[in-house]
1. Which numbered condition trips up Pro24, out of (1) surrounded by 15 or more Cβ atoms within 10 Å (Cβ to Cβ); (2) modelled with pLDDT of 95 or more?
2. Looking only at the range 85-127, count how many residues are free of Cβ contacts under 8 Å to residues at least 40 places away in the same chain and assigned to a strand (DSSP E or B).
3. Kindly evaluate Leu100 against the criterion of being under 19 Å from Gly127 (Cβ atoms), surrounded by 17 or more Cβ atoms within 10 Å (Cβ to Cβ) and among the aliphatic types (A, V, I, L, M).
4. Could you count how many residues in the range 78-109 are of a type in the set (Asp, Glu) and closer than 19 Å to Leu65 by Cα?
5. Would you point out which residue out of Ala23, Ala17 is without any contact (Cβ under 8 Å) to a residue 40 or more places away in the chain, of a type in the set (A, V, I, L, M, F, W, C) and over 19 Å from Ala122 (Cα atoms)?
6. If the requirement is being buried (at least 17 other Cβ atoms within 10 Å of the Cβ), closer than 16 Å to Val55 by Cβ, out of contact with any Phe, Trp or Tyr (no Cβ under 9 Å at 6 or more places or on another chain) and among the aliphatic types (A, V, I, L, M), which of these qualifies: Leu118, Leu80?
7. Would you pick out the residues in the range 111-126 that are farther than 16 Å from Pro76 by Cα and out of contact with any strand residue (DSSP E or B) (no Cβ under 9 Å at 6 or more places or on another chain)?
Amino acid sequence: MSESTTDPLPVPPDLQAYLDGLAPEPRAAVEAMRDRVVAAIPEPGQRLGYQILGVTCRGKALVYLAGWTEHVAMYPIPALEDEPALAEAIEPYRKGKGTLHFPLAEPLPLDLVERVALTWVAQRGLG
């Protein structure tokens, strides 16, 4: 589990403006994804990057989360050559080379979101 504290992360004003601009359903999904990732990683942070929510680990960019009309997205996907079970699990959500789309009409797979983030932590030596 994470070394993070139970205190909420500060939300920079530009990130708050992004979140405030999302419709209620995608905003709730993006915030649920963020909360799950932040709870699982060491030294989490958040910032606006690429005009979407970015989660950092030990000050380094880890993943980006975005809300859209019919889905929420997670960028990028880690290398999965050595992670066949994770590669199989993300396949239904994979869009293009480096993006996962989670339809808002389906339950949000937060366990999978956490696995992707933790894979990035391990691959980047941030654990």
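The values are calculated or read from the model by the stated rules, or taken from the named source; none is laboratory data. Everything numeric here is computed off the predicted structure, so don't read it as measured data. Every residue, glycine among them, receives a Cβ derived from its backbone with ideal geometry; neighbour counts consider all protein chains shown.
1. (1)
2. Residues of the range 85-127 that are free of Cβ contacts under 8 Å to residues at least 40 places away in the same chain, as a first pass: 85-101, 103, 105-107, 109, 111-112, 115, 122, 125.
When the remaining residues are screened for being assigned to a strand (DSSP E or B), the result is 94-95, 99-101, 103.
Matching residues across the range 85-127 total 6.
3. It is false that Leu100 is under 19 Å from Gly127 (Cβ atoms), surrounded by 17 or more Cβ atoms within 10 Å (Cβ to Cβ) and among the aliphatic types (A, V, I, L, M).
4. Residues that pass the stated criteria total 2.
5. Values: Ala23 fails: without any contact (Cβ under 8 Å) to a residue 40 or more places away in the chain.
The match here is Ala17.
6. Values: Leu80 fails: closer than 16 Å to Val55 by Cβ.
Exactly one residue qualifies, and that residue is Leu118.
7. Of the residues in the range 111-126, the ones farther than 16 Å from Pro76 by Cα are 111, 125-126.
Those that are farther than 16 Å from Pro76 by Cα and out of contact with any strand residue (DSSP E or B) (no Cβ under 9 Å at 6 or more places or on another chain): Asp111, Gly125.
Conditions (1) at pLDDT below 95; (2) under 13 Å from the mean Cα position of the chain (by Cα), marked per residue:
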position: Met33; (1), (2): no, yes
position: Pro42; (1), (2): no, no
position: Tyr50; (1), (2): yes, no
position: Ile90; (1), (2): no, no
position: Phe102; (1), (2): no, yes
position: Asp111; (1), (2): no, yes
